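Everything below concerns the one structure shown next.
The values are calculated or read from the model by the stated rules, or taken from the named source; none is laboratory data. What you are looking at is a predicted structure, and each value in this text was computed from that prediction instead of being measured. Don't worry about glycine lacking a Cβ; one is built from the backbone with ideal geometry, like all the others, and counts go over all protein chains shown.
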Amino acid sequence: MSVAEALFVLDDVAIDRPVLREGRPITSRVLEQVSLTVPAGGRLALYGPSGSGKSSLLRLFNRLDDPSAGRVLFAGTDLRDYDPIILRRRVGMLFQQPHLFDVTVGENLAYPLRWQQQTLTREDGVALLCEVGLPEDFYGRRAQQLSGGQQQRVALARALALSPTALLLDEPTSALDEESAHLIVDLLLRRNVETGMTLITVTHARHVLERLNCPTALVDAGRVALFPDAASALASDVRGGMVLEES
Amino acid sequence: MTETVDIRYFDLGIAALLLFASMALTWHLQLGVHRDLIIGGIRSFLQLMVMGYVLAYIIKDGAWYWVVLALMLMLGVAVHTAVGRTREAVVNKHTIYTVAIVSGSMLVLLFIAGAVLHLRPLYDPRYVLPIAGMIIGNAMTAATLAVTRLAGDLHARRREVETALALGASAAQAVHPLRRDALRTAILPSVNALLVVGVVSLPGMMTGQIIAGQDPTQAVRYQIMVMYMITAAATLTSIISTVMVIRLAFTPAHQLREASPTSTVG
């Protein structure tokens, strides 16, 4: 695939993180030599044990962080030359534990639009709720009184309110039971297929990876190895741990 | 002017019995503050005695450089105290407090001395030093409240801020609820004081003037001016300090900086 069709390109990226060693702050290299390409409308899973740097990697795509080395391209443009606010309106993100603002569900859905001096009609808000499987009467309810699974769905609807080109998902289902998790993943897959919204998903859950069934980057021990699908990634994952070969 | 009652050292000793009584009570209740009370009692005695003689000298001498020196000293101690009280990891807290407390309090002081009291000379120590003390003290408290609250929230409410950033909010939009809470925390004590003064509390400046024989109707005018100026100093200083904390907490690319390392290796 040429760089032109790629939505995201990670070009020889490294991530450093400040840590404490014997009480003194030092810089530790978490990941290095990461090169990945994500096609427009495609899907990519970032799979690996906790603490491997998957989430740190994900945060580069909407520039919540910058890489310590290398560069990230979005639609052919270096992210450092891209307005970060416009970028984040095009590249949505769903966190592991969603934060809903302490207002109604409807106001939560309208927040991202309000920051751009736009409004969200009640009709559009209810349609978003419907898409994530929540009934209309949720629109006026206080967001922070909802259950964890309901909050995650509202957070997803809120991220979708901007009709993003791509959605970054950081363990989106880890706080949910398996049924709710599958519901969310299926919904994301439907969006991906029907509207071409690119999905980049961080997970350490095997069942999520299998359901996503897409090119998978194994992240472990400071390196990233790319596999064409979930099965081959899982096959390399012997003894429950992960043995990586240099990609 | 009517005769005032002079306080002798012997009388001060009697007054100190009140402090000893507080010490005995807190020791009995095992509050763990009796040591601080002893140190505080001694320090307040020494500091105020020295201040009394210093003020007497500066007022008598009347030279501008003594006033400037005294102001610098007061500002220095205020900044040092604010830095010491801030346990939160705040980048460049020394600079933040210096800029906020110095600019906030000196602007208000200049306004009071020039536009309200019409002092000639502008640095008249009999007015400038006591008033500066009140302004700087309140500016210091407000700045400390604003900075500690905001820095604490930037850590504790990181998820909220990053959620907003990830949804396309600017740093200013994302941090707005935290800044509002920090400023309210810093300014509310002044606002509350404005509401209850003269009903619940009779503030020190006014009571002092009344005891010294000043006409109470004049004394309250001074007190009203004092209330307005310390509210302004608290507001101005806390706004300046939060602006600086926020500028340092975010990158130009609207990213929330990591305050300090959170994980341990090796």
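In the range B:68-102, what count of residues is obtained for those that are surrounded by 15 or more Cβ atoms within 10 Å (Cβ to Cβ) and small (Gly, Ala, Ser)?
Residues that pass the stated criteria total 4.
Only one of B:22, B:105, B:44 is on the phi < 0 side of the Ramachandran plot, in contact with a Ser or Thr (Cβ under 7 Å, 6 or more places away or on another chain) and polar (S, T, N, Q); which? Steps first, answer last, please.
Working: B:22 fails: in contact with a Ser or Thr (Cβ under 7 Å, 6 or more places away or on another chain); B:44 fails: in contact with a Ser or Thr (Cβ under 7 Å, 6 or more places away or on another chain).
Only one candidate qualifies: B:105.
For residue B:217, are the conditions met, namely being farther than 26 Å from residue A:113 by Cα and free of Cβ contacts under 8 Å to residues at least 12 places away in the same chain?
On the way: farther than 26 Å from residue A:113 by Cα: yes; free of Cβ contacts under 8 Å to residues at least 12 places away in the same chain: yes.
Here the answer is yes, as residue B:217 does meet what is asked.
Scan the range A:120-129 and give yes if some residue there is under 21 Å from the mean Cα position of the chain (by Cα) and not hydroxyl-bearing (Ser, Thr, Tyr), otherwise no.
We begin by selecting, within the range A:120-129, every residue under 21 Å from the mean Cα position of the chain (by Cα); these are A:128-129.
Right, trim to not hydroxyl-bearing (Ser, Thr, Tyr) and you get A:128-129.
Yes, there is a match, as at least one residue in the range A:120-129 is under 21 Å from the mean Cα position of the chain (by Cα) and not hydroxyl-bearing (Ser, Thr, Tyr).
Might you check whether a residue that is surrounded by fewer than 21 Cβ atoms within 10 Å (Cβ to Cβ), farther than 18 Å from residue B:168 by Cα and without any contact (Cβ under 8 Å) to a residue 24 or more places away in the chain occurs anywhere in the range A:2-9?
Within the range A:2-9 (the criterion being surrounded by fewer than 21 Cβ atoms within 10 Å (Cβ to Cβ), farther than 18 Å from residue B:168 by Cα and without any contact (Cβ under 8 Å) to a residue 24 or more places away in the chain), the answer is yes, since at least one residue qualifies.
Working only within the range A:96-136, note down all residues that are more than 9 Å from chain B (Cβ to nearest Cβ), without any contact (Cβ under 8 Å) to a residue 40 or more places away in the chain and assigned to a loop (DSSP other than H, G, I, E, B).
Scanning the range A:96-136 gives A:117, A:118, A:119, A:121, A:134, A:135.
Would you confirm whether or not the range A:75-88 contains a residue that is within 14 Å of chain B (Cβ to nearest Cβ), buried (at least 18 other Cβ atoms within 10 Å of the Cβ) and acidic (Asp, Glu)?
There is no residue in the range A:75-88 that is within 14 Å of chain B (Cβ to nearest Cβ), buried (at least 18 other Cβ atoms within 10 Å of the Cβ) and acidic (Asp, Glu).
Going residue by residue through the range B:94-108, is there one that turns out to be within 14 Å of residue B:146 (Cα to Cα) and of a type in the set (Phe, Trp, Tyr)?
Yes, the range B:94-108 contains at least one residue that is within 14 Å of residue B:146 (Cα to Cα) and of a type in the set (Phe, Trp, Tyr).
Just checking, how many residues over the range B:15-42 are surrounded by 11 or more Cβ atoms within 10 Å (Cβ to Cβ), free of Cβ contacts under 8 Å to residues at least 12 places away in the same chain and within 30 Å of residue B:214 (Cβ to Cβ)?
In the first step, residues of the range B:15-42 are kept if they are surrounded by 11 or more Cβ atoms within 10 Å (Cβ to Cβ); the result is B:16, B:19-20, B:22-27, B:31, B:33-38, B:40-42.
Next cut, free of Cβ contacts under 8 Å to residues at least 12 places away in the same chain only: B:20, B:24-27, B:31, B:33-36, B:40, B:42.
Right, trim to within 30 Å of residue B:214 (Cβ to Cβ) and you get B:40.
Number of matching residues: 1.
Yes or no: the range A:29-45 includes at least one residue that is surrounded by 15 or more Cβ atoms within 10 Å (Cβ to Cβ), within 13 Å of chain B (Cβ to nearest Cβ) and farther than 29 Å from residue A:207 by Cα.
no
Condition (residue is crowded, with 19+ Cβ neighbours inside 10 Å, assigned by TED's automatic domain parsing to the domain that holds residue B:185 and of a type in the set (Asp, Glu)) applied to the range B:144-157: is it met by at least one residue?
Within the range B:144-157 (the criterion being crowded, with 19+ Cβ neighbours inside 10 Å, assigned by TED's automatic domain parsing to the domain that holds residue B:185 and of a type in the set (Asp, Glu)), the answer is yes, since at least one residue qualifies.
Rundown of residues vs (1) more than 14 Å from chain A (Cβ to nearest Cβ); (2) part of a helix (DSSP H, G or I); (3) modelled with pLDDT of 95 or more; (4) over 14 Å from the mean Cα position of the chain (by Cα), yes/no style:
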| residue | (1), (2), (3), (4) |
| --- | --- |
| B:76 | yes, yes, yes, no |
| B:89 | no, no, no, yes |
| B:101 | yes, yes, yes, no |
| B:104 | yes, yes, yes, no |
| B:142 | yes, yes, yes, no |
| B:146 | yes, yes, yes, no |
| B:150 | yes, yes, yes, yes |
| B:161 | no, yes, yes, yes |
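Just a yes or no: is a residue in the range A:105-118 more than 22 Å from the chain's Cα centre (by Cα) and among the hydrophobic types (A, V, I, L, M, F, W, C)? Give the steps one after another, and end with the answer.
Pass one, the range A:105-118, residues more than 22 Å from the chain's Cα centre (by Cα): A:106-107, A:114, A:116-118.
After this cut, where a residue has to be among the hydrophobic types (A, V, I, L, M, F, W, C) as well, the list is none.
Checking the range A:105-118: not a single residue is more than 22 Å from the chain's Cα centre (by Cα) and among the hydrophobic types (A, V, I, L, M, F, W, C).
Working carefully through the options B:230, B:210, B:239, find the one that is away from chain A (no Cβ under 14 Å), in a helix (DSSP H, G or I) and more than 30 Å from residue B:151 (Cα to Cα). Give the derivation first.
Numbers: B:230 fails: more than 30 Å from residue B:151 (Cα to Cα); B:239 fails: more than 30 Å from residue B:151 (Cα to Cα).
B:210 is the lone residue from the list that is away from chain A (no Cβ under 14 Å), in a helix (DSSP H, G or I) and more than 30 Å from residue B:151 (Cα to Cα).
Would you check if there is a residue in the range A:183-198 being touching a Leu at 6+ places or on another chain (Cβ under 6 Å), under 17 Å from residue A:100 (Cα atoms) and surrounded by fewer than 23 Cβ atoms within 10 Å (Cβ to Cβ)?
Taking every residue of the range A:183-198 in turn, none turns out to be touching a Leu at 6+ places or on another chain (Cβ under 6 Å), under 17 Å from residue A:100 (Cα atoms) and surrounded by fewer than 23 Cβ atoms within 10 Å (Cβ to Cβ).
Test residue B:174 against the criterion of being touching a His at 6+ places or on another chain (Cβ under 9 Å), assigned by TED's automatic domain parsing to the domain that holds residue B:223 and buried (at least 17 other Cβ atoms within 10 Å of the Cβ), and give yes or no. Break it down into steps so the answer makes sense when it comes.
Working: touching a His at 6+ places or on another chain (Cβ under 9 Å): yes; assigned by TED's automatic domain parsing to the domain that holds residue B:223: yes; buried (at least 17 other Cβ atoms within 10 Å of the Cβ): yes.
So residue B:174 fits the description; yes.
For the range B:35-50, does any single residue satisfy the condition of being closer than 30 Å to residue B:120 by Cβ, at pLDDT below 95 and not charged (D, E, K, R)? If you could, list the steps in order and put the result at the bottom.
Restricting attention to the range B:35-50, the residues satisfying the condition of being closer than 30 Å to residue B:120 by Cβ are B:48, B:50.
Checking the rest, the ones that are also at pLDDT below 95 come to B:48, B:50.
Narrowing the set further to residues that are not charged (D, E, K, R) leaves B:48, B:50.
Within the range B:35-50, one or more residues are closer than 30 Å to residue B:120 by Cβ, at pLDDT below 95 and not charged (D, E, K, R).
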